[in-house]
Amino acid sequence: MLIHWFRRDLRLRDNTALLAAADASGGAVIPVFIFDDAILGGRFASPARTQFLLDSLTALDGELRSLGLHLVLRRGEPLTTLMALLRESGAHGVTWNRDYTPYAVQRDSTIKRELRAAGYRAESYKDAVIFEMNEVVTAAGQPYTVYTPYAKRWRARLESEPVRVQGVPELTAIPLPASDPLPALNDLLPTAPTSVPRFATGETAARAALEHFIHNAIANYATARDLVAIAGTSRLSPYLRFGVLSPRQCVVAARAAPSGPGPESWIGELIWREFYIQVLYHFPHALRGSFKPVYDRIVWPNDPALFAAWQQGRTGYPIVDAAMRQLQQEGWMHNRARMIVASFLTKDLLIDWRWGERHFMHLLIDGDPAANNGGWQWAAGTGTDAQPYFRIFNPVSQGQKFDPDGAYVRRYVPELAGVPTRYIHEPHKMPPSEQVRAGVQIGRDYSAPVVDHATQRLRALELYRSATRAD
Ligand code: FAD
């Protein structure tokens with residue numbers, strides 16, 4: 001009998017370590033999830049994500065119950081909890097799928113060592129990624145720090161080692177230790193009904209969402225992915241974040257779709273996901289500071305009033321405000337919008353990217369240390385193959401390009417609903433008579449721009465330049 005320790009792999013299908021546990025034990029597997037207080041209340045704690053986790057665990061428990069089993073829940077420090085469960089159940093070891101964040105790597109290596117020292121079996125498996133941290137490296141065996149060559153190598157390896165999807169393991173309905181009830185965690189859950197996640201939970205719903213995307217949107221993904229008002233992307237990120245879907249299920253489904261730029265471009269995004277996972281694994285310092293340490297010298301002005309305006313979606317730049325309100329309301333934000341608001345926070349408001357990183361982690365259901373840190377450092381120009389710092393998004397032209405008729409702005413910033421399209425991304429330019437017709441007075445019903453983009457652009461350039469000049 002073996003314990004399978006579920007962490008970021010909340011599904012029964014195509015679950016590598018669960019399959020291995022079932023194989024090795026003749027199906028006698030104790031399915032366990034441990035609420036680790038160090039994560040629940042840690043610096044990146046998130047009510048919306050905690051809610052999604054609880055819902056996903058309920059769904060996983062339902063899947064297990066249909067097989068005559070149930071999820072065994074515990075709350076506590078993972079090693080102590082696993083040791084207690086091993087003693088209580090008589091199981092002879094534990095399996096789990098690897099997690100690559102700095103915290104998880106350290107925790108898991110201690111647990112593996114201690115379990116083995118106590119005479120138990122302890123095995124971890126590759127599951128959350130297609131390729132392991134040392135499987136896509138340079139000819140010299142070094143990790144890649146630039147996406148394009150990494151992606152090329154990744155794709156070449158996929159050609160020579162095609163992936164496949166496995167089913168649900170044969171599990172035997174053995175007597176299981178009693179489960180603790182699902183903890184209330186009231187202090188960690190959303191208080192406002194607006195932050196209730198809009199994602200159906202459970203692996204059946206996740207697979208349906210994948211199928212929907214493959215049948216309806218993947219063909220046009222390469223062009224539609226940047227248009228913020230439409231459902232041109234998969235919205236699978238929460239499922240991938242918690243392992244409700246496996247990356248193999250995604251890659252196999254994309255490759256089974258009619259070939260074209262859409263599936264290729266989408267696989268490119270799954271590669272970004274793995275790129276940032278391996279960056280953080282090999283360069284854990286990036287979680288606390290700039291990937292390129294020279295940028296830690298930037299002295300950010302960090303104006304708290306501007307930060308609050310950004311958080312609340314009242315900067316006077318409609319595309320930024322729409323995106324920040326989408327995040328508040330849905331716990332999710334379109335990728336193009338993430339890039340725009342991250343650039344705006346750092347290069348227009350001159351606020352440390354780590355403030356934005358923390359705010360995103362607090363609200364995003366898909367909040368993931370590697371992807372979020374990578375995205376923020378990319379936008380701030382402090383990261384791996386980040387766009388150079390001197391390329392600065394103009395929030396007005398970004399809005400005009402990626403929300404051309406203003407549908408996204410009108411959806412999330414209803415006070416601008418009546419604004420004519422030619423002013424929708426710069427409503428402060430409306431003459432007073434036009435404001436009356438549009439039913440909005442700028443400065444009263446909707447903020448005037450809190451900063452001037454052209455001025456701030458020059459200030460940002462000087463800020464970055466002075467940091468790199470300091471040698
Ligand atoms: P799709 O376009 O359908 O892409 C499919 C999957 O690929 C996504 O679900 C995701 O798992 C992965 N993916 C796509 N783009 C990226 C990317 N640039 N980096 C890493 N993985 C990617 N993604 C997160 O999953 N969690 C985060 O916390 C996160 N924070 C971000 C912060 C910033 C500042 C930026 C610019 C991007 C961030 N991203 C993050 C990446 C990206 O915005 C989301 O993955 C994407 O918007 C999710 O929507 P989707 O599922 O429809 O993506």
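So how far apart, in nm, are the two label points at residue 65 and residue 186 if each is 7 Å from Cα heading toward Cβ?
For residue 65 paired with residue 186, the spin-label model returns 2.4 nm.
Find the centroid of the Cα atoms in segment 258-285 and in segment 313-343, then give the distance between the two in whole Å.
When both Cα centres are located, 23 Å separates them.
Once the piece of chain linking residue 113 and residue 160 is laid out straight, how much longer is it, given 0.36 nm per residue of separation minus the C-alpha distance between them?
Values: separation 47, 0.36 × 47 = 16.92 nm, distance 3.40 nm.
Gain in length upon complete extension: 13.5 nm.
How high is the relative contact order of segment 2-128? Use alpha-carbon pairs under 8 Å, at least six apart in sequence, and give a whole percent. Provide the component values of the computation, followed by the final result.
Values: 160 pairs, mean separation 44.0, N = 127.
So the answer I get is 35 percent.
5 Å is the cut-off here: which amide hydrogens, built 1.01 Å from N in the peptide plane, fall below it relative to residue 125, excluding neighbours closer than 5 in sequence?
Distant-sequence amide H within range of residue 125: 96, 97, 98.
How far is the Cα center of segment 367-443 from the Cα center of segment 121-181, in Å?
37
Helix 203-216 against the longest principal axis of the chain: what's the angle in degrees, Cα atoms only, rounded to the nearest 10?
Once rounded, one gets 50 degrees.
Starting at the first residue of segment 300-305, write each ³J(HN,Hα) from the Karplus equation 6.51 cos²θ - 1.76 cosθ + 1.60 with θ = phi - 60°, in whole Hz, x for Gly and Pro.
Each residue of segment 300-305 in turn: 6, x, 6, 7, x, 5 Hz.
In the chain, what % of DSSP beta bridges are antiparallel (nearest 5)? Working shown, then result.
On the way: 1 of 18 bridges.
Around 5 percent antiparallel, to the nearest 5.
Can you give me the C-alpha center-to-center distance between segment 197-224 and segment 35-96, rounded to a whole angstrom?
27
With Cβ to Cβ distances under 14 Å as the rule, what net charge do the other residues near residue 306 carry (K, R +1; D, E -1)? Show your work: numbers first, answer last.
Working: positive: 314, 347, 459; negative: 303, 321, 348, 352, 452.
Cβ neighbours under 14 Å give a net charge of -2.
How far is helix 16-25 tilted, in degrees, relative to the longest principal axis of the Cα atoms in the chain, given as a value from 0 to 90 rounded to the nearest 10?
The angle comes out near 10 degrees.
Taking the Cβ of each residue in 450, 165, 320 as the centre, tally the other Cβ atoms inside 10 Å and list the residues starting with the fewest.
Working: 450 18, 165 13, 320 30.
Arranged by neighbour count, lowest to highest, 450, 165, 320 become 165, 450, 320.
Quick check on the chain: helices-only [θ] at 222 nm, where DSSP H runs of length 4 and up contribute -39,500 (n - 2.57) each and the sum goes over total residues. Nearest 500, please. Mind dumping the intermediate values first?
On the way: 20 runs with 223 residues, N = 471.
Helix contribution divided over all residues of the chain: -14500 deg cm²/dmol.
Rule-based calculations on the coordinates, nothing more; no lab input. Predicted model only: the values in this text are computed from it and were never measured. With ideal geometry, Cβ positions are generated from the backbone for all residues, glycine too; neighbour counts draw on all protein chains shown.
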